Structure formats: structure tokens, C-alpha cells
1. Let me understand the chain better: what is its radius of gyration from the alpha carbons, and its Dmax, in angstrom?
2. What list of ³J(HN,Hα) values in whole Hz, one per residue of region 41-51 in order, does the Karplus curve 6.51 cos²θ - 1.76 cosθ + 1.60 (θ = phi - 60°) give from phi, with Gly and Pro shown as x?
3. Rounded to whole Hz and in sequence order, give me ³J(HN,Hα) for region 84-94 from the Karplus expression 6.51 cos²θ - 1.76 cosθ + 1.60, θ = phi - 60°, writing x for Gly and Pro.
Amino acid sequence: MSTPVSSAPPPHPPPPTITVLYFAGASTATGLTTESVALPSAQYPLTDLAALLSARHPHAGLGAILAQSNWAVDEEMVDDPAVVVLRGGEEVAVICPVSGG
């Protein structure tokens, strides 16, 4: 007996996702401490992430917060976001500036 051959195209793989950790003002603005975010492409520049997150939370004022924040990827502080490309599976933390004495 032969196995029937399917003419259906193979299913598309799910989009790559990252886990975003929100702290301080970013957490207050979004009402979240963590969020799973699908990336628009398999190689997504970290420099584009602020716009993506702001679009997900359009009324939170997140863009202004992210403009003053730093990033950490997989528990490592990022010195130059322009050289970081997200591929999915990363944990990205938004590190907001803090004040204190």
C-alpha cells in the first residue's frame, strides 16, 4: 500500500517570540511585569523593539519611558542596542532610570 501524498503546503512556523520584563515606570505604564511578544521577523533589531512595544500599548505613554530606559538581553546589560538582533527565545528587560538618594 502506498501512503497518500498531501498537496497542502507545509504549515508556516509560528513567529519567533521573546519575553519582555517590565520594571518600575514601564511596569506601571503597561500594568504588566512580563509579556510574551511575537517578533515581526526572525531577525529583529533591538533598536526597533521600543516602537513595537509602544504600538502594543498605545495609550500607556510607554514610548517616552523606553526612550530613557536601558535594555538587558538574557540578563546581560546592552551597551549598544544597534548591534543586538533578536531571533526569538530571548528574555529582554526594560531597565528604567531610577531616582533615589
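1. Reported Rg and Dmax, both Å: 17.7, 78.
2. 8, 6, 10, 10, x, 4, 5, 8, 5, 4, 5
3. Couplings: 9, 10, 8, 10, x, x, 6, 10, 10, 9, 8 Hz.
All of the numbers you see were taken from the coordinates with simple rules; none came from a lab. If you're wondering where the values come from, they're calculated on a predicted model, not measured in any experiment.
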